[in-house]
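Report on the structure given below.
The values are calculated or read from the model by the stated rules, or taken from the named source; none is laboratory data. Everything quoted here is computed from the prediction, not taken from an experiment. Here the Cβ positions follow ideal geometry from the backbone for every residue, glycine too, while neighbour counts run over all protein chains shown.
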Amino acid sequence: MLRVAVVGSGPSGCYTAQSLVQLDNDVCVDVLDRLPCPYGLVRYGVAPDHEKIKSLQNNLRTVLEHERVRFLGGVRIGPDGVPGARLRELYHAVVYCVGAATDRHLGIPGEELPGSWSATEFVSWYSGHPDFPEHERNGAPDHDGFVAGANSAVVIGVGNVAVDVTRMLARGATELSPTDIPQGALTALAASRVTDVDMVGRRGPSQARFTTKELRELGSLPDTEVTVDARELELDPAYADPSGLPAPQRRNVEVLRGWAEAPPRAARHRIRLRFFLRPVELLAEAGRVGAVRFERTVPDGRGGVTGTGRYEDIAAQLVLRSVGYRGVPLEGLPFDAASGTVPHLGGRVLREGAVSPGEYVAGWIKRGPTGVIGTNRPCAKETVTSLLEDAAALARRELPGDPLTALRADGVEPVEWPGWQSIERAEAQLGASLGRGVVKLPDWQSLMNAVHGSAH
Ligand SMILES: Cc1cc2nc3c(=O)[nH]c(=O)nc-3n(C[C@H](O)[C@H](O)[C@H](O)COP(=O)(O)OP(=O)(O)OC[C@H]3O[C@@H](n4cnc5c(N)ncnc54)[C@H](O)[C@@H]3O)c2cc1C
């Protein structure tokens with residue numbers, strides 16, 4: 001029997017486990033995650049109001065409940081947990097599916113001012129990620145719940161995550177209450193006085209990375225007006241004649257044109273989509289962010305933009321920076337800092353250009369933070385195909401016995417599937433006590449209390 005460790009229980013980890021047990025009857029898989037909860041960004045990234053996408057967790061659940069798959073939560077792989085080398089001793093093969101966990105920085109003055117956050121921080125807060133409890137920031141108490149004291153926000157970036165956070169700022173309690181959003185985040189967003197959100201891109205509308213479905217959804221939010229300045233759209237050479245654009249970008253431009261031409265209407269929330277503005281500085285006011293200074297850009301004729309030396313300040317007491325994710329190196333694994341990925345050949349990890357036997361990657365850490373959840377399925381399958389080609393050679397090595405026994409002997413106490421099910425029950429009970437559906441437990445203490453069956 002080939003024993004495989006999959007590190008990470010997000011989509012790529014689950015799809016890897018699924019392909020392994022589907023393609024080979026002689027494989028058993030342990031899916032390890034540093035969190036006691038499975039599903040990676042499907043649980044802790046996909047916005048709570050996207051319930052259909054979130055329900056993908058049910059598909060991933062069937063993988064983790066397969067008789068030859070074990071979920072081992074609460075196990076961090078790396079120098080401050082179980083070293084990768086130890087995993088290699090305990091398993092014939094290890095597949096790293098650890099995602100891309102860090103934001104890119106803007107690298108401009110004022111980025112660290114209070115009130116300026118990465119989109120990841122905001123997403124983690126409303127998703128109830130236990131590393132980011134609602135009352136703490138960088139280990140220090142912070143009770144402002146992001147939105148307190150703010151009436152306008154700037155979202156820097158024009159990808160789908162930027163659209164998510166913009167939409168969440170415009171959602172009201174009625175729409176969020178039926179979701180699994182933690183109670184603290186729900187209360188804060190329900191009390192929010194943020195009425196104006198500017199979502200700003202440094203390039204043109206035809207280069208924006210959001211998808212049309214997500215973009216259009218902004219226009220269907222209750223009591224919300226979406227505006228676009230036609231003069232900014234016209235700076236884009238593709239705006240006058242979008243027929244040469246690929247279909248997704250053409251559709252985006254058409255949606256934006258519709259908003260630019262729509263007559264103004266009164267609404268509680270205003271979302272303004274802005275283009276050709278490059279952030280150069282976050283400006284302080286009374287000790288926190290008060291505005292973002294942008295430089296007007298224009299197309300440079302080569303697909304990029306160039307600054308014009310003209311500036312515009314947009315007032316905002318909340319700034320969310322959403323300019324992309326990047327992988328973080330896992331000590332002991334090779335890492336290409338330029339792409340933020342692990343070098344590989346068809347999923348086989350490369351060390352100094354040579355295949356490292358028994359080590360594989362899949363998902364965002366393999367190909368970078370691109371694509372939708374489904375993109376991770378063929379990505380995982382490619383890796384599994386490589387692994388199964390190597391299986392005969394890998395299986396020759398005798399293992400010390402059941403890895404779970406060895407991990408316990410090392411002092412590691414994984415959260416197994418029944419532990420996760422206890423968390424699910426506790427979240428259902430919490431929701432019932434609040435008159436809501438399932439409500440997420442947002443901190444380590446209450447998650448671990450649930451695992452151990454105590455009151456939270
Ligand atoms: C904010 C946001 C919203 C998104 N919304 C959508 C959407 O609506 N629709 C869509 O199709 N796609 C969406 N995506 C993209 C989608 O989430 C990704 O394609 C997908 O999650 C990538 O899968 P992954 O398994 O590679 O990484 P992840 O989902 O990040 O999973 C990685 C897992 O590895 C674990 N891990 C990390 N390091 C370690 C370690 N050292 N030891 C043990 N475990 C570790 C993590 O805890 C995590 O569970 C969104 C992405 C983001 C960031």
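Couple of notes before you dig in:
- If you go through segment 78-96 and keep only what is under 12 Å from residue 359 (Cβ atoms) and within 12 Å of the ligand (Cβ to nearest atom), you end up with 84, 87, 94, 95, 96.
- Evaluated against (1) in a helix (DSSP H, G or I); (2) assigned by TED's automatic domain parsing to the domain that holds residue 88; (3) in contact (Cβ under 8 Å) with a residue 40 or more places away in the chain; (4) not aliphatic (A, V, I, L, M), residue 420 falls short on exactly one condition, (2).
- Output for segment 23-39, where each listed residue is near the ligand (Cβ under 6 Å from one of its atoms) and more than 28 Å from residue 394 (Cα to Cα): 35
- Residue match in segment 40-55 (condition: within 12 Å of the ligand (Cβ to nearest atom) and under 29 Å from residue 356 (Cα atoms)): yes
- Test: residue 294 is touching a helix residue (DSSP H, G or I) at 6+ places or on another chain (Cβ under 9 Å) and surrounded by 12 or more Cβ atoms within 10 Å (Cβ to Cβ): no
- Residue 65 away from the ligand (no atom under 14 Å from the Cβ) and touching a Leu at 6+ places or on another chain (Cβ under 9 Å): no
- Pairing each residue of segment 43-71 that is more than 26 Å from residue 403 (Cα to Cα) and touching a residue at least 40 places away in the same chain (Cβ under 8 Å) with any residue that is more than 8 Å from the ligand (Cβ to nearest atom) and β-branched (Val, Ile, Thr), provided the two are 6+ apart or on different chains, yields C-beta distances under 6 Å for 48/179; 48/181; 49/179.
- Checking residue 435 against (1) outside the structural domain of residue 335 (by TED's automatic domain parsing); (2) in contact (Cβ under 8 Å) with a residue 60 or more places away in the chain, the condition it does not meet: (2)
- Residues that are among the β-branched types (Val, Ile, Thr) and within 24 Å of the chain's Cα centre (by Cα) number at least 1 in the following helices (runs of 4 or more DSSP H) confined to segment 156-273: 160-170, 183-190, 212-218.
- Segment 183-208: number of residues that are away from the ligand (no atom under 16 Å from the Cβ) and touching an Asp or Glu at 6+ places or on another chain (Cβ under 7 Å): 4
- From the list 286, 267, the lone residue that is surrounded by fewer than 19 Cβ atoms within 10 Å (Cβ to Cβ) and touching a residue at least 24 places away in the same chain (Cβ under 8 Å) is 267.
- Residue satisfying all of: in segment 365-390; in contact (Cβ under 8 Å) with a residue 12 or more places away in the chain and of a type in the set (Asp, Glu); nearest to the ligand (Cβ to nearest atom) among these: 382
- Failed condition for residue 65, given (1) in contact with a strand residue (DSSP E or B) (Cβ under 6 Å, 6 or more places away or on another chain); (2) modelled with pLDDT of 95 or more: (1)
- Residue satisfying condition, being within 29 Å of the chain's Cα centre (by Cα) and either within 13 Å of the ligand (Cβ to nearest atom) or surrounded by fewer than 16 Cβ atoms within 10 Å (Cβ to Cβ) (or both), within set 415, 349, 319: 415
- Residue in segment 7-22 that is nearest to the ligand (Cβ to nearest atom), counting only those that are closer than 18 Å to residue 375 by Cα and aliphatic (A, V, I, L, M): 17
- Residues (closer than 12 Å to residue 93 by Cβ and either small (Gly, Ala, Ser) or more than 25 Å from the chain's Cα centre (by Cα) (or both)) located in segment 1-16: 2, 3, 4, 5
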